[in-house]
Amino acid sequence: MRNLIIILIFLIFNQYNCNGQEKEWLLNKDSLFTSISSEHFNLYSFEGLLSEKTKLDFLNERESAYREISNFFEITTNLSVNIFLFKTEQIKYNLTGHKGLGWGFDNNIVEVFNDSIRIDPYHELAHVIGYTLNDPPALIDEGTAVYLSQLYGDKAFSRMIGYPTKSINEILLLRSKREGLINISTLLLYNDIGDNLAYCTSASFVDFLIKEYGKQKFLELYKSLSNVNSAKNKIIFEKICGLEFNQIENKWTKQIYTNN
C-alpha cells in the first residue's frame, strides 16, 4: 500500500512538472518499483504488473540479446543495465517526461510493456552497449540499432511499422515512392532522428556499409565518427572506405534500386 501511495504522488506531481526526460524519478527507483536481477540486468516494474515467470522469461531474453549484441561489437562488457517497464505510454510519460514507447540513456532502458506492446530486446540495448565504444552520429547510432533488431529480432522493426515480411530496403523503396529518399549527407548532420523513413534510411546505409566494406571497417567507422563534427565525419568516411563521400552515397543509392 505504501508503494502505491508513493507511485500515485509521483505520477500526479510529474504530470505538471515534467520538462522533458525528467530523471528525478531515478533517485527514487527503489521506493517506486519492485526489482529482480540477472547477470547484466536489473528489472524494475510496478508491483503487480508482471508475474515472476514473466520477469524471468524477460530477463532470459535480454541476456541472450546482450550476448548477441556484444558479439557483434566484438567486445566483452560487464555492464549492469537497468530496465524500467511501464504498462502504458501515458504512465511512462507522466513519471519520466519522455514520450515514446522506448528510451535508452546511460545504462538505463525505459519501455512500455503490456499485452499488445512488447519492445524488441535489441534496439535500445544496442545503444547502451554501443555507447561503451563511442557515441556516433544518429545516422550510425540509430541505423545500427535498427539493423541489429532486424538481424537478430526476426525483422522486429519491419513488424513494428506494419511491414512484417519486408526487408528494410523493400520498405525504403515503398516509402520513397511517396516521400523520396533522404540524402545520407543530410542525415549525417542530424543529432537525433525520429521518423520511420529516417530510421529505414539509416539502417539501410549501415547494412550497405557492412556488406560493402566488411564489419571490421564498419566497426572502425563506429568507433571513429563524432556526433558533433559533420565535416570531420566525411573525412573519416573517405579515409576508411577509400572513396569520396558522395561516391559512397551514390553506391548506396544504386544498390537500393538494383538489389531489390
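Structural remarks
- Tallying residues that are over 10 Å from the mean Cα position of the chain (by Cα) and either part of a loop (DSSP other than H, G, I, E, B) or of a type in the set (Val, Ile, Thr) (or both) within region 105-118 yields 8.
- Filtered residue count, region 217-239, keeping only those that are within 29 Å of Tyr163 (Cβ to Cβ), in a helix (DSSP H, G or I) and in contact (Cβ under 8 Å) with a residue 40 or more places away in the chain: 3
- Val112 meets the stated requirement of being within 21 Å of Lys87 (Cα to Cα), open to solvent by less than 10 Å² (accessible area, probe 1.4 Å) and modelled with pLDDT of 95 or more.
- Within region 41-62, residues that are acidic (Asp, Glu) have Cβ atoms under 9 Å from residues that are surrounded by 12 or more Cβ atoms within 10 Å (Cβ to Cβ) in these pairs: Glu47/Asn3; Glu47/Ile7; Glu47/Phe33; Glu47/Thr34; Glu52/Ile36; Glu61/Pro121, counting only partners at least 6 apart in sequence or on another chain.
- Tallying residues that are without any contact (Cβ under 8 Å) to a residue 60 or more places away in the chain and within 20 Å of Leu26 (Cα to Cα) within region 75-130 yields 27.
- Restricting attention to region 202-259 and to residues that are touching a Cys at 6+ places or on another chain (Cβ under 9 Å) and open to solvent by less than 10 Å² (accessible area, probe 1.4 Å), the residue that is nearest to Leu181 (Cα to Cα) turns out to be Ile248.
- Among the candidates Gly162, Gly242, Gly214, residue that is of a type in the set (Gly, Ala, Ser), free of Cβ contacts under 8 Å to residues at least 24 places away in the same chain and under 30 Å from Ser116 (Cβ atoms): Gly162
- Restricting Leu173, Leu151, Leu139, Leu125 to those that are under 16 Å from the mean Cα position of the chain (by Cα), surrounded by fewer than 23 Cβ atoms within 10 Å (Cβ to Cβ) and either modelled with pLDDT of 95 or more or not in a loop (DSSP other than H, G, I, E, B) (or both) reduces the list to Leu151.
- For Asp195, the requirement of being modelled with pLDDT under 95 and out of contact with any strand residue (DSSP E or B) (no Cβ under 8 Å at 6 or more places or on another chain) is met.
- Summed over region 45-80, residues that are within 17 Å of Glu111 (Cβ to Cβ) and in contact with a helix residue (DSSP H, G or I) (Cβ under 6 Å, 6 or more places away or on another chain) total 2.
The values are calculated or read from the model by the stated rules, or taken from the named source; none is laboratory data. Source: prediction; values computed, not measured. Neighbour counts run over all protein chains shown; Cβ positions are idealised from the backbone, glycine included. Heads up: the accessible areas ignore ligands, DNA and RNA and are worked out on the full protein's heavy atoms, side chains in. Shrake-Rupley method; radii C 1.70, N 1.55, O 1.52, S 1.80 Å.
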